[in-house]
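Okay, structure first, notes after.
Every number here is computed from the coordinates shown, using simple stated rules; none is lab data. Keep in mind the model is a prediction, meaning the values are calculated, not measured. Using ideal geometry, Cβ is built from the backbone for each residue, glycine included, and neighbour counts are taken over all protein chains shown.
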Amino acid sequence: MFCLEIRKASKEDIKGVAKVYVDGWRTTYRGLVPDDYLAELSYEQAEKRWNAFFNNVNGSFIYVAINDAGEMIGFASGKSSADENFDGELYSLYLFQECRGLGVGRQLVSAIAKHFKEHGMLSMMVWVMKQNKSGLGFYECLGGKEYNHRTSTFGETVVEDAAYGWKDISVLCVE
């Protein structure tokens, strides 16, 4: 298991969250959304977006993964779910490409699930782009069950998303 610290984000972490977010989009979604959409992503815009998410008073939160050198290598965020079938939503999960496959994502998902559980939320869902085969496989390996679909638009490109859910998030709460 990769050695790192998982902790709740502070305001000072938002700049790092923005960098992981933009770089994560550019590696994960290359070929799935238009290149010009990815090129237009900026750290400044992402920082504003994640500051707004962080400051949202209705239960949104972020956990970060910090490596041995003290650098942020990934993050996950959660919020109350708008889906009546699930209490919470794993809103995002992003890692630097070189940190994937090392257990970091699993630890971040576990931190989100534990946070929900501590706040009386016992189920969780996540949206994932259907063309993101590694993402689909990751959530399936964690026991997520596909239950819904939608479309999202990025520039001129329409993509299909799948929702995965866990009715009992205790299976995700690992030490």
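Remarks
- Farthest towards the positive end of the charge dipole of the chain, among the residues VAL158, ALA113, ALA82, is the Cα of ALA113, using unit charges on the Cβ of Lys, Arg, Asp and Glu.
- In order along the stretch 30-38, the Karplus-derived 3J(HN,Hα) couplings, from 6.51 cos²θ - 1.76 cosθ + 1.60 at θ = phi - 60°, round to 4, x, 9, 10, x, 4, 5, 5, 5 Hz, and Gly and Pro are given as x.
- Taking a ≥ b ≥ c as the square roots of the eigenvalues of the alpha-carbon gyration tensor, the stretch 46-149 is classed oblate because a/c is 1.5 or more while a/b is no larger than b/c.
- Computed per residue of the chain from DSSP H runs no shorter than four, each worth -39500 (n - 2.57), the mean residue ellipticity at 222 nm is -10000 deg cm²/dmol.
- Each Lys or Arg adds one and each Asp or Glu takes one away; over the other residues whose Cβ falls under 9 Å from the Cβ of TYR164, this sums to -1.
- Sorted peptide list for 145-151, 49-55, 106-112, criterion being average Cβ within 10 angstrom, highest first: 106-112, 49-55, 145-151
- Ordering 116-122, 154-160 by mean Cβ neighbour count within 10 Å, with the highest value first, yields 116-122, 154-160.
- Karplus 3J(HN,Hα) series, Hz, for the stretch 16-25 with 6.51 cos²θ - 1.76 cosθ + 1.60 (x for Gly, Pro): x, 4, 4, 5, 4, 4, 5, 5, x, 4
- About its Cα centre, the chain has a charge dipole of approximately 220 debye under the convention of +1 per Lys or Arg Cβ and -1 per Asp or Glu Cβ, with nothing else charged.
- Each other residue within a Cβ distance under 11 Å of VAL64 adds +1 if Lys or Arg and -1 if Asp or Glu, for a net charge of -2.
- Relative contact order (%) - criterion: Cα under 8 Å, at least six apart; region: the chain: 21
- Cα gyration tensor, the stretch 89-175 - rounded (a/c under 1.5), prolate or oblate: oblate
- Taking amide H as placed 1.01 Å from N in the peptide plane, the amide H of ASN148 sits under 5 Å from that of ALA163, each at least 5 places away or on another chain.
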